[in-house]
Amino acid sequence: MPRVQRLVLDVLKPHQPNVLEFARAIAALGSGYRVEIRVVEVDEQTETLQVFIEGEALDFEAIDEVIGENGASLHSIDEVSVTGD
Amino acid sequence: MALNRLKLLLEISGSEAIMRRYFVVNGFDGALTLLGLLMGFHVSGQVDLSVVITSCLATALALGMSGISSAYISEVAERRNSLAQLERAMVSSLDESHHARAATWIPWLVALVNGIAPLLLGLLIITPLWLGNSGLVSWEDPLLVAMGVALGIVFLLGVFLGRIGGTFWLWSGLQAMAVALATLALIQWLGA
């Protein structure tokens with residue numbers, strides 16, 4: 001089964017939880033998950049993020065769930081890197 | 001794990017400071033109310049200790065219930081409003097998010113803190129009366145001991161506020177005590 005190894009996501013989230021907590025929540029999904037977040041825009045109640053996630057086999061569904069649990073919404077998948085078996 | 005979840009909900013909702021404020025405000029309210037009640041009994045002369053205990057306990061319970069219900073009603077309204085505003089900003093439903101969970105559970109937590117503060121402090125103030133009434137300790141005047149406990153609690157609440165605000169703890173403790181002593185003086189004057 002092809003393995004997703006890199007994702008770049010465009011995410012809109014409320015100010016809380018903060019970016020650090022948000023990155024931790026995604027990174028906690030699996031060992032070896034590497035998360036990098038760039039804040040693109042800050043509004044009164046929300047912020048737009050570019051989220052870079054790398055790992056041996058990323059679980060996209062779980063990542064999407066964590067994004068939703070933290071009150072954020074996934075706007076687009078801007079980049080993917082998938083490796084076949 | 002549950003503790004981490006609770007910490008997260010508190011952080012998301014920014015409720016720690018609100019709960020601390022509610023604890024101090026309603027705790028102070030409870031301690032001062034009971035202090036006033038005890039002073040009222042004291043200036044009115046000989047009163048049966050069991051009557052004092054029942055009156056104080058009923059007052060503490062009423063303050064507790066009032067604290068729980070008033071804080072819950074106002075917090076639910078505030079949290080729902082905040083969640084609706086956030087949903088409008090996000091242009092999506094947050095039903096499955098920690099924010100929605102916080103809007104449901106945090107009002108209960110805040111209400112409990114608001115209600116427990118006067119109840120708990122009230123029970124502490126009543127304790128010398130119980131001990132005296134049951135004969136476990138033979139105070140010369142259990143009312144004065146209970147009033148001393150109430151004054152001590154008011155002082156400690158002041159100290160707590162001073163530490164939060166970064167001011168000199170003794171000064172803020174004495175400020176709180178001054179309010180309590182002024183209340184006692186007023187009751188003494190009214191009862192004289």
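Only the coordinates and a few stated rules stand behind these numbers; no lab work does. No experiment lies behind these values; they were computed from the predicted model shown. We place every Cβ from the backbone using ideal geometry, glycine too, and count neighbours over all the protein chains shown.
Quick one: pull the percentage of alpha-carbon pairs in the protein assembly as shown with a separation above 23 Å. Intermediate results must be reported in sequence, preceding the final value.
Values: 24729 of 38226 pairs.
Above the 23 Å cut-off, the protein assembly as shown has 65 percent of its Cα pairs.
In whole angstrom, and with the biggest value first, how far do the Cα coordinates of chain A range along each principal axis?
The Cα atoms of chain A stretch 45, 22, 17 Å along their principal axes.
How high is the FRET efficiency between B:SER134 and B:ARG80 when r is their beta carbon distance and R₀ equals 41 Å, given to the nearest 0.05? Show your work: numbers first, answer last.
On the way: r = 47 Å, r/R0 = 1.15.
Efficiency, rounded to the nearest 0.05: 0.30.
For B:LEU161, what is the net charge nearby, where nearby means another residue's Cβ is under 10 Å from its Cβ and Lys, Arg count +1, Asp, Glu -1?
Working: positive: B:ARG20, B:ARG21, B:ARG163; negative: none.
Charge balance near B:LEU161 sits at +3.
Just to confirm the filter: which GluC sites (Glu not before Pro) across segment B:43-103 are DSSP coil and have at most 13 other Cβ within 10 angstrom of their Cβ?
Values: sites: B:GLU75, B:GLU78, B:GLU87, B:GLU96; in loops: B:GLU96.
Answer by residue number: B:GLU96.
Give me B:LEU131, B:LEU94 ranked fewest to most by other Cβ atoms within 10 Å of their Cβ, as a rough exposure proxy.
Numbers: B:LEU131 16, B:LEU94 23.
Ranked by crowding around the Cβ, least crowded first: B:LEU131, B:LEU94.
Per 0.36 nm of contour for each residue apart, how much would the distance between A:LEU74 and A:THR48 grow if the chain were fully extended, relative to their Cα-Cα spacing? The partial results should precede the final answer.
On the way: separation 26, 0.36 × 26 = 9.36 nm, distance 1.01 nm.
Length gained, A:LEU74 through A:THR48: 8.4 nm.
Remind me, relative contact order of segment A:3-83 in percent, using alpha carbon pairs under 8 angstrom and six or more residues apart?
Numbers: 162 pairs, mean separation 41.5, N = 81.
About 51 percent, as a whole number.
If neighbour count is taken as other Cβ atoms inside 10 Å, put B:MET177, A:MET1 in order from fewest to most. Could you put the intermediate results ahead of the total?
On the way: B:MET177 18, A:MET1 5.
Ordered from fewest to most neighbouring Cβ atoms within 10 Å, B:MET177, A:MET1 come out as A:MET1, B:MET177.
At a temperature of 20 °C and a viscosity of 1.002 mPa s, determine how fast segment B:18-191 diffuses translationally according to Stokes-Einstein, using the Kirkwood radius over alpha-carbon pairs as Rh; express D in µm²/s, rounded to the nearest whole number. Spell out each step's value before the answer.
Numbers: Rh = 17.8 Å.
The diffusion coefficient I find is 120 µm²/s.
Under a crude label model (7 Å from the Cα following the beta-carbon direction), how far is B:SER93 from B:SER50 in nanometres?
Using points 7 Å along Cα→Cβ, the separation is 5.9 nm.
If each residue's Cβ is checked for other Cβ atoms within 10 Å, how do B:VAL91, A:VAL19 rank with the fewest at the top? Don't jump to the answer; show the numbers that get you there.
Values: B:VAL91 9, A:VAL19 15.
Listing B:VAL91, A:VAL19 from fewest to most nearby Cβ atoms yields B:VAL91, A:VAL19.
Would you mind pulling out the separation of the Cα centroids of segment B:120-166 and segment B:67-107, in Å?
37
Once both labels are modelled 7 Å past Cα along the beta-carbon direction, what's the A:GLN5-A:ASN18 spacing in nm?
Distance between the two pseudo-spin positions: 3.4 nm.
Rounded to whole Å and ordered largest first, report the semi-axes of the equivalent ellipsoid of segment B:101-162 derived from its Cα gyration tensor (root of 5λ).
Values: eigenvalues 201, 47, 6 Å².
The three semi-axes for segment B:101-162 are 32, 15, 6 Å.
Rounded if a/c is under 1.5, else prolate if a/b beats b/c, else oblate: with a ≥ b ≥ c from the C-alpha gyration tensor eigenvalues square-rooted, which is segment B:1-100?
Working: a/c = 3.86, a/b = 3.18, b/c = 1.22.
The shape class here is prolate.
List residues of segment B:110-140, by number, whose backbone nitrogen lies under 17 Å from a label position 7 Å along Cα→C-beta of B:LEU3.
none
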